[in-house]
Structures are given as C-alpha cells and as structure tokens.
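The numbers here are math on the coordinates, done by the rules we state, and not lab data. What you are looking at is a predicted structure, and each value in this text was computed from that prediction instead of being measured. Here the Cβ is made from the backbone with ideal geometry for all residues, glycine too, and neighbour counts use every protein chain on show.
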There are 4 protein chains.
Amino acid sequence: MTTRPQERKAVGVDPDIKARNLKRLRRNEGQVRGLQKMVSEDRYCADVLTQISAVHEALRAVGRELMRNHLKHCAASAIRSSEHEAGVMYDELVDLMYTHSR
Amino acid sequence: MTTRPQERKAVGVDPDIKARNLKRLRRNEGQVRGLQKMVSEDRYCADVLTQISAVHEALRAVGRELMRNHLKHCAASAIRSSEHEAGVMYDELVDLMYTHSR
Amino acid sequence: MTTRPQERKAVGVDPDIKARNLKRLRRNEGQVRGLQKMVSEDRYCADVLTQISAVHEALRAVGRELMRNHLKHCAASAIRSSEHEAGVMYDELVDLMYTHSR
Amino acid sequence: MTTRPQERKAVGVDPDIKARNLKRLRRNEGQVRGLQKMVSEDRYCADVLTQISAVHEALRAVGRELMRNHLKHCAASAIRSSEHEAGVMYDELVDLMYTHSR
C-alpha cells in the first residue's frame, strides 16, 4: 500500500504499547457489538447507557497510552528541535487535550 | 432465548429510534476497526487521538437518543406511578448523568 | 425586586438543598479566590490545574443537587401534566445532560 | 511571605498570560456570586445549570492557557533536561489531561 500524503506517521512506537492498544481496540470492537445486541434485544436503556460509558472508559485508556507515546516521541522531538516547531506542538497538544480528548 | 433475570427490558422503544441506533452502532464498529488499522499502520498519534474523539462523539449521539427514549418511557412511567418509584428513578437518572454519561 | 419576565422560577425547592447549595457555592467562591492567589504567586501550573479540577468537581456537586431537584419538581410536574409539556421537558433534559452539564 | 516547601513555583510565566488569567478568574468569581444569587432567588434549575456550565467553560479557558504555559516552560525544560525527568513529566502530563482536566 502506498502511503497517501495525508497519512502522517508516528515515530518510535513502542511495540508493547502498540500490541496492548490493538488488544484493547479489539476488545472495544466486541463491546460495540455487545451494544448492538443490547439495543436489538430492547435491553433496559439505563443498562445500555452504563455499557456505553464502559466503552468511553476503554477508549480513554487507549487514548491515554497514545498520548503518552505521542509526548515521548513526536512531542519531545518537536520540543527539542526548534522554538518554532515546539510552539506548533504546544498548540496541537492543547487542542488535543481540551477539544478532542473527551 | 430465555431472558436471564438480570436482563431488564426497555419499554416502548420507538422502532425508528431503534433502527437509527443500530445503524449508528454498526458505523461505530467500523470506526473502531478503523482505529485498529490506524494503530497497526503506526499512524500519527494526534490523528488517532482525533479519530478516537470522533468515536466518543458518535457514542454520545447514541447515548442521547437512548436517554431521551428512557425519559419518555421508563422514567415517565416511574414518575407517574408513585412517589417511591419516582424517587428511585431520580437517583438513577442523576447517577447516569453525572457518573456514567461521559 | 420586580421579577423580570425572563427570570423563570424553580418550583418546590427543598430549603435544605437550597442551604446546602448556597454553602457549597460560597466555598466555591473561596476556591476561585484561592486560584487567583495561586496564579498571582506564580504557583506551579500543574498544581493550579489540579486545583481547577477541584473547582469543576465542586460545581458538579452543586449541579447534581440542582438536577435532582429539577427532576423531582419541574420535570415531574411537566411529565405528569400533558404529552406536549412532557415532550418539551425531555428535550430540555437531554440538552442539559449532553450539552451543558460538563 | 515565606514560601512553604510544598509550594512549587512556575517558571517563565508570560506576564500577559498571567494578567489575562487573573482577569478571567476575577470574572469567574463574579459568575460564582451570580450563581449564589440565582440559587437564593429560586431561579429555574435549568437556567442555573446552564449558568454552571458557563462557569465550567470559563474555567477550562483558564486551564487551557495554564496548560500551554506549562508545556512551553516547565514541560519543555524537563523534556530537554534528561530522559528520567522527561519520563516523570510525561506521566504528570497524561495524569493532568485524563484525570484532572475535566
């Protein structure tokens, strides 16, 4: 597969973290299929809502690992390279934290 | 399939809402598979994190529909039946809102 | 003081809850003043951020009590009165939960 | 005033950001007093809840500025100094993002 230009790559992903995240995301997929089953069986809404919040929690755990990896590799490398690149990175990080990561 | 005792049922689920929620959850499953692909291809962490927040947003849309349905049917019926049942329902709703639904 | 037309009133506020909420909000005001002191003394950002999250938590505790009161009085009364008023209330509640209460 | 040992200091706070944050926090204090007034006047719960979410939003704006400053100064300096200090900083940042900053 050719890398499309918009497909930016991560640098220095720890293979353990990658494996752990993939495992988590596969469990996550199962949780979402579980939600479909609950909805198609007309399960009690409050129970489905509780299960939805478990999926949010699991996604946040993946996000947390990715964020730590991002700080350790991409962010650290930008911060160490130049004031300009560091500044762009701070803005990106703050956006991720306050806009996206919830 | 026999209903296990812990499987509480929803009452009065609108078939349109049910269909819409199932459609959304299937798209959601696709998004989670997309995340697995991004992680296995070492895509840039910030892009994966942005995609994770799209999944959170999509799940919240499902939660919102379920919550509205829950209010309209289960909650309204409890609130109309007795002070005791209404009180139990208020506690459940407040818990769902502040503990689970984020 | 004359009530301006846009000032909608709560019905049936429990005096204990009201007193507890006022007490909490006064403590909250103190917390915000504490934040000002921390910022003017150039306290470590992470410590200020941790304190900010304590203020969020305290505000959520007030919100939770208000929401329970809202469900018990205004919402219950709308739900018991007519299908139309109930429907307007469900929309308002879902908006409060998913848009405002975070 | 003597600095107590637990009072860690921020380094390199931009005076403009500091002034802006103090201004925001004073407005914030006014908002919390406005909430007290609303509660003591028995204002409609949904209106108070909407106002509470405005306070959350305003606090997040302060947090955002502090976080950017934290990244630019304390975090960047730790990341540039040693692998060990950088590692401690990544953990602190991820904690702030996922545990505290909401």
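Taking 25 Å as R0, compute the FRET efficiency from the Cβ-Cβ separation of D:A19 and D:E57 and round it to 0.05.
For R0 = 25 Å, the calculated efficiency reads 0.75.
Using the scaling law 2.2 N^0.38 Å as the reference, what is the normalised Cα Rg of the stretch A:15-100?
Taking the Cα Rg and dividing by 2.2 N^0.38 Å, one obtains 1.47.
Expressed as an acute angle from 0 to 90° and rounded to the nearest 10, what is the orientation of the C-alpha long axis of helix D:83-95 relative to the principal long axis of chain D?
Its long axis makes an angle of about 10 degrees.
What FRET efficiency comes out for D:S77 versus C:D91 if R0 is 45 angstrom and r is the Cβ-Cβ distance? Round to the nearest 0.05.
According to the calculation, E is roughly 0.35.
Projected area of the protein assembly as shown, taken from the Cα convex hull and averaged over every viewing direction, in nm²?
With the hull built on Cα positions only, its mean projection is 25.0 nm².
What nm distances, shortest first, do you get from the label point of D:D47 to those in the other copies when the point sits 7 angstrom along Cα to Cβ?
In ascending order, 4.1, 4.1, 4.9 nm.
What percent do you get for the relative contact order of chain B when only Cα pairs under 8 Å and 6+ apart count?
Once normalised by length, the contact order is 30 percent.
With unit charges on the beta carbon (Lys/Arg positive, Asp/Glu negative), name the residue among B:V88, B:H56, B:L25 whose Cα is farthest towards the positive pole of the charge dipole of the stretch B:15-100.
The listed residue farthest towards the positive side: B:L25.
Counting only residues 5 or more places away or on other chains, whose amide H sits under 5 Å from the amide H of B:R43 once H atoms are built in the peptide plane?
A:A10
Within a 10 angstrom radius of each residue's Cβ in D:12-20, how many Cβ atoms of other chains show up on average? Whole number is fine.
Across D:12-20, the average partner-chain Cβ count within 10 Å equals 1.
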